[in-house]
Structure formats: C-alpha cells, structure tokens
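Novice: Shown below is the structure under consideration.
The values are calculated or read from the model by the stated rules, or taken from the named source; none is laboratory data. Just so we're clear, the structure is a prediction, and the values are computed from it rather than from any experiment. As a convention, Cβ positions derive from the backbone with ideal geometry for all residues, glycine included, and neighbour counts pool all protein chains shown. We work out accessible area using only protein heavy atoms, side chains counted, and drop any ligands, DNA or RNA first. Shrake-Rupley method; radii C 1.70, N 1.55, O 1.52, S 1.80 Å.
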Amino acid sequence: RAKAEGGNRYALADPDSDARAISRHHLTHHLPAALKGAEFFIEYQPLVRMEDGSLEGAEALVRWSHPRHGVLGPDRFIPLAEHTGLIVPLGRWVLQEAVRQACKWQVRGIGGARPLKVNVNLSPRQLHHPELVDDTIAVLEEAGLPPSSLCLEVTETAMIRADENELRPLRELAELGVGIALDDFGTGYSNLANLRRLPASTLKLDRSFTQGLQRDPADPVDLKIVEGIVSLAHTLQLSVTVEGVETGAQAQQLRDLGCDSAQGWFYARPGPPERLPQAV
Ligand code: C2E
Ligand code: MG
Ligand code: MG
Ligand code: MG
C-alpha cells in the first residue's frame, strides 16, 4: 500500500496548481519566519542496493508546509533561499534533522548488518560557506553518527564550476569518510577527465537517462551511453546510483548495466521517516 500510494498525499510542484501563482516575492519574504516557525519538514526516499534489493539508505528531501498554500516542493523555494542566503541556516537545519534521524534508524538496527546511510543535498551557496566543514563535523559529533554514514549530494553543475578553493571543504569532509555524490549527473557538461579531480565517491545518474530506457525495446544508443558512464565511473572508483526508477523493467535493465544502487517510485516515494523501515 505504502508503495503504491506513498507520495500521493499532495502534489508537489504541480505546474497547474494555484500555488504557481504565489509570487516569488511573497515566498521569499516569508522564508525566514517559516524557518523560525518550523514550517519545514523532511521526507525520506529509500536508496536500494541493486544486487539484492536491500535498503542502503535514504535521501532527505525538504518540503515547506505553508500555512496558506499547502505543501510546497523544494523546487519552489530552494532557489529563493539560495538567492537570499537563507539556504545556509535552512541547509544546516536539514543536515541536523537528517543526521539525527539516521542515528535513530541505526540505533534501531534498521538496514540490518550494514549501517544505514543518509544523503543530504547541498546548494552551491552552502559549498562556499566558510563554516561548512566545522558545522558538519559538529552535527555528526553531536548526534554520534559516523561520518561514513553521511553522504552529501552536490550537483554536477555546481561541482564543475567550483575551483580548488571551493572543493577543499568537500575534500576535507571526504577524508573524514563523508561520502560525496555528484547529483543529477549527465545534465551538466563535465569534461569527463575532470571527474578525476573531484572528491566524489558516488555518481548519481540523472533521471533523464532512466527515462531514456523506458521504451521497449530500449534505444540501443541510450543503453550504450549509460553503459559507458557506468564503466567510466567504476574505473574512477565511483559507485553509481540511478535516479527516477519508475518501473521494474528499468530496474532490471539498470542492474544489468552495472548500476550499484537505485532510487525511484518503483521502490518507494519520498515519505515520512516512520515509513522508511517498511519501505523496501
Ligand atoms: P534531487 O536531489 O535530484 O532529488 C530527487 C528528486 O526526484 C526529488 O524531487 C524526488 O522526489 C524525485 N523523484 C524521486 N524518484 C522519482 C521517480 O521515480 N520519478 C520521478 N519523476 N521523480 C522522482 P523533489 O523532492 O521535488 O526535490 C527536487 C530537488 O530539490 C532535489 O533534486 C534537490 O536538488 C532539491 N532539494 C531537495 N531537498 C533539498 C535540501 O534540503 N537542500 C537543497 N539544497 N536542495 C534540496
Ligand atoms: Mg539529490
Ligand atoms: Mg538528483
Ligand atoms: Mg534530480
């Protein structure tokens, strides 16, 4: 039941909804009060190992429960928070919540022998914030979560724009054992050789590739492209997670292509933390 109906309690970012009409100005103006008033909440979407279908972890996805406009998806307000700088305290809150939650799951033994991981998205502005490393270490220590149980997701586009100074904090965190994922991979224009200089441990293949495999039979060129990316990633010792897996056929195909883990509606929609233990 949870699988089928999981995320349908509300429509996130429905292009036809009235919410579209809420002005950016209005949302931007209300963001600080919303953070103070605890109007944000986090849903978690499972990450599943392809080899055996076991639960590897979950990605934290923030939502805004707006008192007048209902639940707003991150695409509606993250860019505004990024623009105003509120992303820094908001992002810190998400990190703290997600890390605490992961600790609770681990204490309860969710995920079995291998400790469950939590993935948290980072905006470019957070990447440039001087306190990123210290804040992250403090949050992990306060909760008692091992650094290796946290993975920070940074979009490919943000990563390739970053210079060495901006990559250094990620490198420091990676050295402590924190995972770094290249999010939405394939939508930016990485010079593939450049991947070597990034402190990443995982490549998250963008949903658009998964969609390309939807046709039956799948487009042979799409298959070759995904195969090539997976093999390059493995050569660079990056694990590959695929986003947006919606059907069993896609899951099978992506597993055959060598992808290591997957995330998508086929497994589970994002949901409240209580649902994660039964999600997969
Ligand atoms: P993302 O990191 O690429 O997250 C995956 C998005 O794909 C999520 O959208 C998720 O709900 C959606 N998704 C998952 N499985 C499927 C599927 O099978 N089919 C389809 N069609 N979609 C699927 P969501 O929750 O709307 O988040 C959108 C983006 O907002 C995220 O993309 C991420 O970049 C950003 N975001 C979310 N939470 C945070 C946060 O705490 N901080 C920052 N900086 N960004 C966040
Ligand atoms: Mg992400
Ligand atoms: Mg992504
Ligand atoms: Mg994406």
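Novice: Here's a check for you: in segment 114-164, which residue that is small (Gly, Ala, Ser) and touching a residue at least 40 places away in the same chain (Cβ under 8 Å) is most open to solvent (accessible area, probe 1.4 Å)?
Specialist: This residue is Gly144.
Novice: Here is a follow-up. With the requirement that a residue be under 17 Å from Leu47 (Cα atoms) and loosely packed, with under 14 Cβ neighbours inside 10 Å, what does segment 102-113 give you?
Specialist: Gly109, Gly112, Ala113, listed by residue number.
Novice: With the structure loaded, tell me whether Arg255 is under 19 Å from Leu61 (Cα atoms), within 16 Å of ligand 1 (Cβ to nearest atom) and open to solvent by 70 Å² or more (accessible area, probe 1.4 Å) or whether it fails that test.
Specialist: no
Novice: So if I check each of Ala249, Ala218, Ala233, which one is more than 15 Å from Ala200 (Cα to Cα) and either open to solvent by less than 50 Å² (accessible area, probe 1.4 Å) or within 16 Å of ligand 4 (Cβ to nearest atom) (or both)?
Specialist: Every option except Ala218 fails the conditions.
Novice: Right, another one. What number of residues within segment 259-280 satisfy the criterion of being surrounded by 15 or more Cβ atoms within 10 Å (Cβ to Cβ), modelled with pLDDT of 95 or more and part of a loop (DSSP other than H, G, I, E, B)?
Specialist: 10
Novice: Is at least one residue of segment 163-175 within 16 Å of ligand 3 (Cβ to nearest atom), closer than 23 Å to Cys259 by Cα and among the hydrophobic types (A, V, I, L, M, F, W, C)?
Specialist: No, there is no match, as no residue in segment 163-175 is within 16 Å of ligand 3 (Cβ to nearest atom), closer than 23 Å to Cys259 by Cα and among the hydrophobic types (A, V, I, L, M, F, W, C).
Novice: So, of the residues in segment 2-52 that are hydroxyl-bearing (Ser, Thr, Tyr) and more than 13 Å from ligand 1 (Cβ to nearest atom), which turns out to be modelled with the lowest pLDDT?
Specialist: Ser17
Novice: Would you check which residues across segment 37-85 are among the acidic types (Asp, Glu) and either more than 16 Å from ligand 4 (Cβ to nearest atom) or out of contact with any strand residue (DSSP E or B) (no Cβ under 9 Å at 6 or more places or on another chain) (or both) and list them?
Specialist: Scanning segment 37-85 gives Glu39, Glu51, Asp52, Glu56, Asp75, Glu82.
Novice: If you go through segment 50-65 one residue at a time, do you hit one that is within 27 Å of Arg171 (Cα to Cα), part of a helix (DSSP H, G or I), open to solvent by 10 Å² or more (accessible area, probe 1.4 Å) and more than 14 Å from ligand 2 (Cβ to nearest atom)?
Specialist: no
Novice: For segment 86-101, give me each residue that is in contact with a strand residue (DSSP E or B) (Cβ under 9 Å, 6 or more places away or on another chain) and open to solvent by 50 Å² or more (accessible area, probe 1.4 Å).
Specialist: Passing the criteria: Trp93, Glu97.
Novice: Does any residue of segment 208-221 turn out to be away from ligand 1 (no atom under 16 Å from the Cβ) and among the aliphatic types (A, V, I, L, M)?
Specialist: Within segment 208-221, one or more residues are away from ligand 1 (no atom under 16 Å from the Cβ) and among the aliphatic types (A, V, I, L, M).
Novice: Next up: Being surrounded by fewer than 21 Cβ atoms within 10 Å (Cβ to Cβ) and at negative phi is the filter; apply it to segment 180-194 and report the residue that is nearest to ligand 1 (Cβ to nearest atom).
Specialist: Going through the qualifying residues, I end up with Thr187.
Novice: Could you tell me whether Arg196 is free of Cβ contacts under 8 Å to residues at least 12 places away in the same chain, away from ligand 3 (no atom under 16 Å from the Cβ) and either among the hydrophobic types (A, V, I, L, M, F, W, C) or closer than 20 Å to Leu236 by Cα (or both)?
Specialist: For Arg196, the condition - free of Cβ contacts under 8 Å to residues at least 12 places away in the same chain, away from ligand 3 (no atom under 16 Å from the Cβ) and either among the hydrophobic types (A, V, I, L, M, F, W, C) or closer than 20 Å to Leu236 by Cα (or both) - is not met.
Novice: Would a scan of segment 201-210 turn up a residue that is within 16 Å of ligand 3 (Cβ to nearest atom), over 22 Å from Val118 (Cβ atoms), buried (at least 16 other Cβ atoms within 10 Å of the Cβ) and modelled with pLDDT under 95?
Specialist: Yes: one or more hits.
Novice: Answer yes or no: is there a residue in segment 70-81 that is closer than 30 Å to Leu257 by Cβ and surrounded by fewer than 14 Cβ atoms within 10 Å (Cβ to Cβ).
Specialist: yes
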